[in-house]
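Scroll down for the structure; my scribbles are underneath it.
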Amino acid sequence: MMEVGRNGATWSALQLKNHSNYFMYPEPLNDLIDLFEHLPEQERRENLVVMADNAKRHEPAEGAIFDLEDVRKDEECTDTVGIYLRIDEGDKLYFSVTLGPMVQTLTKAMTSILCRGLNGSKPQAILDVPADFVPRIIGAELVRLRSQTVYYVLSRMKTATKMYLDRRRALA
Amino acid sequence: MMGLQHYLHSLESCLFPVAKHVILPTSLFLSPMNPKFSAYSQPDSLVDTDWLAANLNDPNVRIVESNEDLLLYDTGHIPGAVHIDWRRDLNDETVRDYVGIEGFTAICRRHGITPETTIIFYGDKSNWWACYAFWVFQLFGHSKAKMLDGGRSKWVAENKPLTRETPKFSPSEYPSPALRNDAEHRAYQSQTLEHMTAKRPMVDVRSPKEFSGETTHMPEYPQEGVLRGGHIPGAKSCPWATAANTDGTFKTAEELRQIYTVNLGFQQDDDIIAYCRIGERSSHTWFVLKYLLGYQKVRNYDGSWTEWGNMVRTPVEKSF
């Protein structure tokens with residue numbers, strides 16, 4: 001049986017019982033964290049590469065219409081990143097993302113993970129997601145000062161969500 | 001580019017005009033000389049992508065990829081290439097230092113490298129980390145080492161083959177080097193301070209804003225914990241990228257001489273120190289100065305700005 005938290009994230013009673021952090025993550029993201037953090041190092045790398053390969057699948061479909069588009073090149077990222085946000089019935093958010101060719105492999109992988117893990121969540125659930133899951137997914141071996149842009153896409157998704165909410169409030 | 005067969009034929013004609021039946025082991029083949037390379041001080045310190053494509057299966061060659069992007073090797077690499085991770089493999093995990101003799105020997109043995117193996121280094125970021133790995137190998141005296149001109153990006157741009165298959169080599173019996181020759185290739189902070197005081201030549205290869213002190217991190221990178229911005233007093237600014245073309249290849253000898261000999265005024269017998277922020281960009285410049293331009297005494301200050309800019313009571317100059 002699933003329950004819904006204050007931020008719209010869902011979790012099972014068993015998950016709730018076993019993990020104090022479960023309330024923080026939307027369930028699909030939770031599943032991905034669970035998957036990655038128990039993988040041996042080599043399998044973790046292989047799965048991250050698969051995720052990176054799939055990043056293109058999360059690009060906007062041709063002709064798709066979005067409620068918000070935020071495409072820019074920030075100094076802390078090596079290339080342009082575009083965040084495209086669509087709000088569906090029930091106030092659920094769906095992200096599409098474009099990545100410039102110079103973006104690091106880990107950032108590509110995290111883009112796939114975040115799209116799969118966050119799509120369908122409510123705005124507050126996105127804003128509440130803490131970034132502490134990142135090392136659990138990529139593992140200590142890959143946590144480096146120069147791989148910090150792995151956090152960048154999450155921050156851009158949160159920024160886009162906040163921009164959308166601000167805009168909606170202004171129009172209300 | 002000359003084809004391999006044609007090259008072998010011309011090599012035989014050139015070197016063995018009488019005994020044409022002599023068959024050379026592949027490891028003895030000279031690089032089919034890229035015309036650009038011949039003007040460098042050590043032309044054989046580089047190979048080009050065509051040469052490497054023709055020598056992928058040479059058992060006496062080991063290809064080593066070293067990147068900043070930690071998963072790039074896993075996404076596909078030059079067939080037969082092994083991965084050397086600059087931090088995991090080359091750095092000591094507890095002391096800010098490089099691996100010792102034992103650690104270096106273990107890397108070589110693991111990858112089936114012997115002292116006779118010619119190592120071809122390549123990587124992302126115009127070979128920053130490949131130059132860094134090359135430099136670490138020189139600390140241990142592995143002189144049979146070359147850089148792939150243009151690195152990974154040129155190989156990929158030319159649609160040359162990539163694979164995800166990780167090669168397996170039989171472990172070698174690489175003998176332990178007698179020493180890690182830091183004195184020749186590496187400058188410590190105290191030596192750099194003496195160098196500064198003596199007003200000997202020093203090149204800061206970071207971006208202009210890092211040099212001036214306007215920023216403490218390079219563009220598009222996170223702050224790596226430096227408390228002071230600026231540069232070592234007396235150092236000249238010459239960003240590493242000055243030496244590279246947009247495709248990642250090294251500029252011609254003539255262009256490099258214009259930059260370092262004419263513009264910076266470096267003399268052949270100068271004692272030169274290069275630095276950046278953690279020593280990888282300056283490895284690129286170190287390679288250019290030592291191998292392409294033939295400066296005899298060039299050291300890389302690998303502590304670089306993350307050490308100097310944090311050191312208590314160490315002088316800093318700003319130009320911002």
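Throughout, read-outs are computed from the coordinates displayed, never taken from laboratory work. Keep in mind it's a predicted model, so treat the numbers as computed, not measured. Glycine also receives a Cβ, built like all others from the backbone with ideal geometry; neighbour counts cover every protein chain displayed.
Above 14 Å lies some portion of the pair distances; for the range B:44-100, what is it as a whole percent of all C-alpha pairs? Mind dumping the intermediate values first?
On the way: 1007 of 1596 pairs.
I get 63 percent for the Cα pairs in the range B:44-100 exceeding 14 Å.
What's the average, rounded to a whole number, of partner chain beta-carbon atoms within 10 Å of each residue's beta-carbon in B:67-78? Kindly include the intermediate steps, with their values, before the conclusion.
On the way: counts 2, 5, 10, 13, 15, 5, 3, 7, 7, 1, 0, 0.
Per residue, the number of nearby Cβ atoms from other chains is 6 on average.
Could you pull out every one of the lysines with an alpha carbon less than 22 Å from that of A:K108, ignoring same-chain neighbours closer than 8 positions?
Of all the lysines, those that pass the test against A:K108 - Cα under 22 Å, at least 8 places apart if same chain - are A:K56, A:K73, A:K158, B:K125, B:K154.
Rounded to the nearest 20 Debye, what is the dipole magnitude of the protein assembly as shown about its Cα centre when Lys and Arg each give +1 and Asp and Glu each give -1 at the C-beta?
Numbers: 55 positive and 64 negative charges, 122 e Å.
Around 580 debye, computed over the protein assembly as shown.
Simple spin-label model, 7 Å along Cα-to-Cβ: A:D88 to A:R169 in nm?
Label at A:D88, label at A:R169, 2.6 nm between them.
Quick one: putting +1 on the C-beta of Lys and Arg, -1 on the C-beta of Asp and Glu, what dipole do you get for the range B:126-188 around its Cα centre, in Debye to the nearest 20? Don't skip to the answer; put the middle values down first.
On the way: 9 positive and 6 negative charges, 36 e Å.
Once rounded to the nearest 20, the dipole reads 180 debye.
Shape call for the range A:25-149 from the C-alpha gyration tensor, a ≥ b ≥ c root eigenvalues: rounded (a/c under 1.5), prolate (a/b greater than b/c) or oblate?
oblate
The range B:164-187 to the range A:32-111: how many Å between their Cα centroids?
Cα centres, the range B:164-187 to the range A:32-111: 38 Å.
Answer rounded, prolate or oblate for the protein assembly as shown, using the Cα gyration tensor with square roots of eigenvalues a ≥ b ≥ c: rounded when a/c is under 1.5, else prolate when a/b is larger than b/c, else oblate. Walk me through the intermediate numbers first.
Details: a/c = 2.07, a/b = 1.59, b/c = 1.31.
The shape class here is prolate.
Per-residue counts of other Cβ atoms within 10 Å, averaged by peptide: what ranking do you get for A:67-78, B:240-251, A:109-120, highest first? Mind showing how you got there, number by number?
On the way: A:67-78: 15.2, B:240-251: 18.2, A:109-120: 23.2.
Descending mean neighbour count gives A:109-120, B:240-251, A:67-78.
Let me know the whole percent of all Cα-Cα pairs from the range B:237-317 that are separated by more than 19 Å.
Values: 1215 of 3240 pairs.
So the pairs more than 19 Å apart make up 38 percent of the total in the range B:237-317.
Per-residue Cβ counts within 10 Å, from other chains only, averaged over A:69-82: what number is that?
On the way: counts 0, 0, 0, 0, 1, 1, 7, 6, 2, 6, 1, 0, 0, 0.
Per residue, the average neighbour count from other chains is 2.
Any idea what the dipole of the range A:35-76 comes to, in debye rounded to 20, about its Cα centre with Lys/Arg Cβ at +1 and Asp/Glu Cβ at -1? If you can, show how the numbers build up before the last one.
Details: 6 positive and 13 negative charges, 39 e Å.
The dipole magnitude comes to about 180 debye.
Full extension from B:V312 to B:D271: what is 0.36 nm times the residue separation minus their Cα-Cα distance, to one decimal in nm? Don't skip to the answer; put the middle values down first.
Working: separation 41, 0.36 × 41 = 14.76 nm, distance 2.59 nm.
The B:V312-B:D271 span can extend by a further 12.2 nm.
For B:K236 and A:L39, what does the FRET efficiency come to when R0 = 56 Å and r is the distance between their Cβ atoms, rounded to the nearest 0.05? Could the numbers behind the result be given before it?
Working: r = 49 Å, r/R0 = 0.87.
E(calc), rounded to 0.05, equals 0.70.
With θ set to phi - 60°, apply the Karplus curve 6.51 cos²θ - 1.76 cosθ + 1.60 along the range B:50-63 and write out the HN-Hα couplings as whole Hz, x wherever there is a Gly or Pro.
For the range B:50-63, the Karplus-derived couplings read 5, 4, 5, 4, 7, 10, 4, 9, 5, x, 8, 10, 10, 9 Hz, x marking Gly and Pro.
Which residues' amide hydrogens lie under 5 Å from the amide hydrogen of B:R299, considering only partners 5 or more residues apart or on another chain, with H built in the peptide plane?
Residues meeting the criterion, in which the H sits 1.01 Å from N, are B:I272, B:I273, B:A274.
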